[in-house]
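*Asks:* Can you read through this structure? Questions will come right after.
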Amino acid sequence: MKLIVQYLKRHIGIFLLSTIFLTMEAMADLLQPTFMSFIVDEGVVHSDIRRILYYGAVMLLIAMIGAFSAVMRNRFASITSQTVGKEMRQDMYHHIQQLSLENIDRLRPASLVTRITNDVSQIQEFINSIMRMMVKAPITCVGAIALIMIQTPKQAPVMIGILLVVTALIQGNIKIGYPRFGTVQQKLDKLNGVSREFLSAVRVVKAFNAEEEETEKFDRASLELAQANIAALRTAAVFTPLINLTVNFGIVLLLWISKNQNSAEIGKLMASVNYMTQVLFSVTMISNVINVAVRAIASSGRIQEVLSEVPAQQWPDQPLKPDIHGEITFENVSFAYAGAGKEALKELNFSIHPGETIGIIGPTGSGKTTLVNLIPRLYDVSAGRILIDGCDVTQIDESLLRSAVAVAAQKPLLFTGSIRDNLCWGKADATDEEIQRAAYTACAEEFIQKTEQGYQTWLGQGGVNLSGGQKQRLSLARALVRDPRILILDDCTSALDAQTEADVLHRLRERSGALTVLLISQRISAVMGTDRILCLENGLVKGFGTHEQLLKTCGLYRTIYESQIGGGQNGR
Ligand code: ADP
Ligand code: MG
């Protein structure tokens, strides 16, 4: 709630203005029945046409003022709620950009998406509804009750009695109903999560024929949401008619008493009945607003959680800006993922010289991706330190570090846009020559030229219209366009056939010169030709040296070698 107030404060002027219009509208609504009673009691009863016309004209004027106010406050409400929504979304998005992968892991991407879309909508709806009702409902409610007492004072005790019953009913509704709406929100979240997970993994799901399981998961989440909704709506289904019934019963009682006591003029009685329905209307409004408020409060809590997530990484205030040649040193580096019980990397100690090409090999889950992600600080070490050219990476300027180290990730992520857009994504001002040179090295040029529109070929979201190998080559070319000092290839030739992979590696060596390359691969053939090879298992370095050295000294390396090549069979 504090968060909503904080955002509304920025628009306090427009908010107050809409309050004024709301008050005017409420006044206009309240005046109508009173003038109606004048028309009946003074005009109709005495057959005075002039009075009827006079009061009629006044009523018309009031109605026009009311309508004008309603239009204005609706406008203001829409503007404010949309603006606040926009600001919240932007603030969240910018904050998320500041967060490290560790934060994102914790908040979960799917949940971040629902927070940016669904939760912000809830808050917009709440702002909209308070700006449409907030002052109006209480004013109408209190005003109508006061006017009933003035118009028909003798019936006042009955009215108060009825109102007490109505108040009790509303309280009951809040107590029983609103926690149930909280559950609805949770279930909706879960359903969103399940569908997002399915949609992002739809290819894998199909490939593994796991549609049935996924459908079952979805059905379960969907059923839970429906049940929660039914439970929540059931309370509304009991209380709403009960409240209506009570008020209508009050009207009947009012008429009956008046008839027996013969105490009220017919016009005043009509007005009181009218006010009674206004009371009912505003009471319903108030409980609707509370209903929306409950959801908005839950949503604002979830948005606040994102906004107050403290970035897990700090960048130095006075960063070092060394000339980066590409020397990398790991000193006693250990790393554990947040929440994971065991360390993914344990006490790593090694040094890589500038311009060296290092192969990294090891079974899946041995920590290869984790190791290379530490270098550009996608994650920070848990213990020890990593030096680039003698400088601790945590002390190096963020943009310098990120431009010096380029990663072609294991799962290539391409963006909607042309091939060219994607290639110069890390370097907006890249020249055609640089782009073509990078594409050549990555062996991407051949297939790009075969497409009808060449570099202008449009890629769908995530590059869906490309094969896995094509995506990998584009992602590698994109890393090369940035002309980094340190190039990390995280198993990004895995989807290429052996010949193309060999070509890529050959062209890389041709080009690299002063470039330090870390080449992760599952294939011994890819790492065999590198200067030195780091052999990892369970987060530990099992061996580090040339191919020949490792064959002699490292059991794990020899096993991998024999299983893939040495035994005469191709291990791929
Ligand atoms: P490799 O690249 O060699 O296959 P990884 O570096 O991806 O291995 O993983 C090393 C270990 O860390 C594995 O046990 C894996 O389950 C774990 N791991 C990887 N990524 C995460 C993550 N984001 N959160 C928690 N654990 C992770
Ligand atoms: Mg990996």
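The values are calculated or read from the model by the stated rules, or taken from the named source; none is laboratory data. For clarity, every value in this text was computed on a predicted model and none was experimentally measured. Cβ coordinates were reconstructed from backbone atoms using ideal geometry, including for glycine residues, and neighbour counts include every protein chain displayed. Heads up: the accessible areas ignore ligands, DNA and RNA and are worked out on the full protein's heavy atoms, side chains in. Shrake-Rupley method; radii C 1.70, N 1.55, O 1.52, S 1.80 Å.
*Asks:* Suppose we keep only residues that are of a type in the set (Phe, Trp, Tyr) and under 29 Å from the mean Cα position of the chain (by Cα) within the range 413-466. Which one would you say is least open to solvent (accessible area, probe 1.4 Å)?
*Replies:* Start the filter on the range 413-466 by keeping residues that are of a type in the set (Phe, Trp, Tyr), which leaves 415, 425, 440, 447, 455, 458.
Subsequent filtering for residues that are under 29 Å from the mean Cα position of the chain (by Cα) retains 415, 425, 458.
On the way: Phe415: 85, Trp425: 155, Trp458: 151 Å².
That would be Phe415.
*Asks:* While we're on this one: So how many residues does the range 313-347 have that are more than 16 Å from ligand 2 (Cβ to nearest atom) and in a strand (DSSP E or B)?
*Replies:* Within the range 313-347, the first condition is being more than 16 Å from ligand 2 (Cβ to nearest atom), and the residues that meet it are 313-334, 336, 338-339, 341-343, 346-347.
Right, trim to in a strand (DSSP E or B) and you get 320, 328-334, 346-347.
Residues meeting the conditions: 10.
*Asks:* Tell me which of these Ser81 doesn't satisfy, since it passes every other one: (1) crowded, with 18+ Cβ neighbours inside 10 Å; (2) under 15 Å from Ser308 (Cα atoms); (3) of a type outside the set (Asp, Glu).
*Replies:* Just one mismatch for Ser81, condition (2).
*Asks:* Which of the residues belonging to the range 529-558 are open to solvent by 60 Å² or more (accessible area, probe 1.4 Å), among the polar types (S, T, N, Q) and part of a loop (DSSP other than H, G, I, E, B)?
*Replies:* Asn538
*Asks:* Ile62: among the β-branched types (Val, Ile, Thr) and under 28 Å from Glu125 (Cα atoms), yes or no?
*Replies:* On the way: among the β-branched types (Val, Ile, Thr): yes; under 28 Å from Glu125 (Cα atoms): no.
Against the criterion (among the β-branched types (Val, Ile, Thr) and under 28 Å from Glu125 (Cα atoms)), Ile62 does not qualify.
*Asks:* Only one residue in Ala383, Ala439 is modelled with pLDDT of 90 or more and either within 16 Å of ligand 2 (Cβ to nearest atom) or out of contact with any Asp or Glu (no Cβ under 7 Å at 6 or more places or on another chain) (or both), so which one is that?
*Replies:* On the way: Ala439 fails: either within 16 Å of ligand 2 (Cβ to nearest atom) or out of contact with any Asp or Glu (no Cβ under 7 Å at 6 or more places or on another chain) (or both).
Ala383 is the lone residue from the list that is modelled with pLDDT of 90 or more and either within 16 Å of ligand 2 (Cβ to nearest atom) or out of contact with any Asp or Glu (no Cβ under 7 Å at 6 or more places or on another chain) (or both).
*Asks:* Would you tally the residues in the range 3-23 being within 23 Å of Thr140 (Cβ to Cβ), surrounded by fewer than 20 Cβ atoms within 10 Å (Cβ to Cβ) and among the hydrophobic types (A, V, I, L, M, F, W, C)?
*Replies:* Initially, the range 3-23 is screened for residues within 23 Å of Thr140 (Cβ to Cβ), giving 8, 14-23.
Next cut, surrounded by fewer than 20 Cβ atoms within 10 Å (Cβ to Cβ) only: 8, 14-17, 19-20, 23.
Then drop every residue that is not among the hydrophobic types (A, V, I, L, M, F, W, C), which leaves 8, 14-17, 20.
The total comes to 6.
This table checks each residue for (1) in contact (Cβ under 8 Å) with a residue 40 or more places away in the chain; (2) in a helix (DSSP H, G or I); (3) aliphatic (A, V, I, L, M).
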site	(1), (2), (3)
Asn118	yes, yes, no
Gln122	yes, yes, no
Ala144	yes, yes, yes
Ala168	no, yes, yes
Lys175	no, yes, no
Gly193	yes, yes, no
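*Asks:* Also, quick follow-up: Please pick out the residue among Trp315, Trp256 that is open to solvent by 30 Å² or more (accessible area, probe 1.4 Å) and either free of Cβ contacts under 8 Å to residues at least 24 places away in the same chain or within 16 Å of ligand 1 (Cβ to nearest atom) (or both). Break it down stepwise before answering.
*Replies:* Values: Trp315 fails: either free of Cβ contacts under 8 Å to residues at least 24 places away in the same chain or within 16 Å of ligand 1 (Cβ to nearest atom) (or both).
Criteria check complete, one pass: Trp256.
*Asks:* Hey, another quick one. Take Ala514 and tell me if it is away from ligand 1 (no atom under 16 Å from the Cβ), hydrophobic (A, V, I, L, M, F, W, C) and in contact with a Lys or Arg (Cβ under 8 Å, 6 or more places away or on another chain). Give the steps one after another, and end with the answer.
*Replies:* On the way: away from ligand 1 (no atom under 16 Å from the Cβ): yes; hydrophobic (A, V, I, L, M, F, W, C): yes; in contact with a Lys or Arg (Cβ under 8 Å, 6 or more places away or on another chain): yes.
So Ala514 passes the test.
*Asks:* Please note which strands (runs of 3 or more DSSP E) are completely contained in the range 348-446 and include at least 2 residues that are farther than 17 Å from Arg473 by Cβ.
*Replies:* Values: elements: 357-361, 383-388, 405-408.
Because the criterion is at least 2 residues that are farther than 17 Å from Arg473 by Cβ, the strands (runs of 3 or more DSSP E) in the range 348-446 that meet it are 357-361, 383-388.
*Asks:* If you don't mind, there's one more thing I want to ask. Which is of a type in the set (Val, Ile, Thr), out of contact with any Lys or Arg (no Cβ under 7 Å at 6 or more places or on another chain) and open to solvent by less than 60 Å² (accessible area, probe 1.4 Å), of Thr183, Thr215, Thr167? Quick ask: steps written out before the conclusion?
*Replies:* On the way: Thr215 fails: open to solvent by less than 60 Å² (accessible area, probe 1.4 Å); Thr167 fails: open to solvent by less than 60 Å² (accessible area, probe 1.4 Å).
Only one candidate passes the filter, namely Thr183.
*Asks:* Follow-up. Pairs please, first residue from the range 78-106 and farther than 26 Å from Thr19 by Cβ, second anywhere and part of a helix (DSSP H, G or I), Cβ atoms under 6 Å, 6+ apart in sequence or on different chains.
*Replies:* Met92/Ile116; Met92/Val306; His95/Leu307
*Asks:* Taking the range 300-312 on its own, how many of its residues are part of a loop (DSSP other than H, G, I, E, B) and open to solvent by 40 Å² or more (accessible area, probe 1.4 Å)?
*Replies:* 3
*Asks:* Then there is this: Please work out which residue is farthest from ligand 1 (Cβ to nearest atom), limiting yourself to the range 326-367 and to residues that are open to solvent by 50 Å² or more (accessible area, probe 1.4 Å) and among the charged types (D, E, K, R).
*Replies:* Glu327
*Asks:* Additional query: As an exercise: evaluate Ala110 against (1) within 29 Å of Ile286 (Cβ to Cβ); (2) touching a helix residue (DSSP H, G or I) at 6+ places or on another chain (Cβ under 8 Å); (3) modelled with pLDDT under 90 and give the number of the one condition it does not meet.
*Replies:* (1)
*Asks:* Next up: Considering only residues of the range 125-159 that are surrounded by 22 or more Cβ atoms within 10 Å (Cβ to Cβ) and at pLDDT 90 or above, which is farthest from Thr284 (Cα to Cα)?
*Replies:* Within the range 125-159, the match that is farthest from Thr284 (Cα to Cα) is Ile127.
*Asks:* A further question on this structure: Hey, any hits in the range 276-295 for a residue that's more than 19 Å from Leu163 (Cα to Cα), in a helix (DSSP H, G or I) and open to solvent by 40 Å² or more (accessible area, probe 1.4 Å)?
*Replies:* Yes.
*Asks:* Still on this structure: Is there any pair linking a residue in the range 509-524 that is over 17 Å from Asn373 (Cα atoms) and at pLDDT below 90 to one that is assigned to a loop (DSSP other than H, G, I, E, B) and within 14 Å of ligand 1 (Cβ to nearest atom), with Cβ under 8 Å and at least six apart or on different chains, and which?
*Replies:* Gln522/Thr364; Gln522/Asp491; Gln522/Ser494; Arg523/Ser494
*Asks:* Now a separate question. For the range 375-388, give me each residue that is near ligand 1 (Cβ under 10 Å from one of its atoms) and open to solvent by less than 10 Å² (accessible area, probe 1.4 Å).
*Replies:* none
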